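Taking it in order: structure first as structure tokens, then the write-up.
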Amino acid sequence: MVDDLDLRREFFLALERVDEAVMQGVAAAGCPRCEGPLHRSDYDRKPRGALIAPEGEAFVRRFSLCCGREGCRKRATPPSVRFLGRRVYLGAVVIVASMVALALRAAGEIRRRTGVPARTAARWVSWWQGPFLRTEVFVTICAGLIGVDVGRVPASIVERLAGTWGARVGRMLVWLAPLTTGSVPDGARLLRGTA
């Protein structure tokens with residue numbers, strides 16, 4: 001699967017365009033707390049692509065907004081399809097390395113194939129098969145796909161999607177985007193139609 005995956009610059013450019021469109025939609029809606037104007041307040045990340053997506057490491061800007069109304073000034077960080085919350089690794093890497101970890105189970109082989117330490121991949125697998133299963137996102141995914149095997153998440157989700165491996169991972173990232181922020185709770189509505 002990793003050998004057939006093509007997560008090159010074009011893949012991340014497409015994800016960046018999705019993030020940009022979502023950010024513009026959030027900015028147009030105004031501050032979710034006081035309805036003041038939102039201004040760009042992006043910040044740098046140092047994403048890791050490991051062996052799976054080294055070209056994704058060039059995309060370091062996390063789009064974010066800040067309220068322009070004095071007294072509020074709260075940050076509004078839109079959902080992202082590139083970054084999976086506060087994780088250091090890119091969202092695509094988290095998905096793919098978790099799938100490889102489920103398939104291989106041998107620590108040395110996981111690191112050799114993905115570039116991600118086996119302990120990190122095991123921690124991600126624990127998240128997928130624990131807290132993730134209790135999210136609204138997982139319930140929504142299960143409502144749209146039949147036969148998701150919770151013991152093989154995320155692989156059992158990605159395998160049920162159509163298209164190339166890159167398209168499947170991209171669609172999974174769109175579904176996961178609501179989990180990437182807490183400051184814009186309704187930001188997922190801006191992603192409809194992109195999956």
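Nothing in this text is a laboratory measurement; each read-out follows from the coordinates by a stated rule. This is a predicted model, so every value here is computed, not measured. We place every Cβ from the backbone using ideal geometry, glycine too, and count neighbours over all the protein chains shown.
Couple of notes before you dig in:
- Between Arg112, Arg75, Arg168, the Gaussian network model of the chain with springs among Cα atoms under 10 angstrom shows the greatest mean-square fluctuation at Arg112.
- Derived scalar couplings between HN and Hα for region 157-163 equal 7, 4, 5, 7, 8, 8, x Hz in order, rounded to whole Hz, by the Karplus curve 6.51 cos²θ - 1.76 cosθ + 1.60 (θ = phi - 60°), x for Gly and Pro.
- Residue-wise HN-Hα couplings along region 89-100, as the Karplus relation 6.51 cos²θ - 1.76 cosθ + 1.60 with θ = phi - 60° gives them from phi, are 7, 4, x, 4, 5, 4, 5, 5, 5, 5, 5, 5 Hz; Gly and Pro carry x.
- Dividing the summed helix terms, -39500 (n - 2.57) for each DSSP H run of n ≥ 4, by the number of residues in the chain produces a 222 nm estimate of -12500 deg cm²/dmol to the nearest 500.
- Proximity of backbone amide H atoms, modeled 1.01 Å from N, is registered between Leu51 and Gly115, Val116 at under 5 Å, excluding neighbours fewer than 5 places apart on the same chain.
- Relative contact order of the chain: 24 percent, from C-alpha pairs under 8 Å at least 6 residues apart in sequence.
- Net charge of neighbours whose Cβ lies under 11 Å from the Cβ of Val158, counting Lys and Arg as +1 and Asp and Glu as -1: +3
- HN-Hα J in Hz across region 141-149 - Karplus 6.51, -1.76, 1.60, θ = phi - 60°, x for Gly and Pro: 4, 5, 5, x, 10, 9, x, 5, 8
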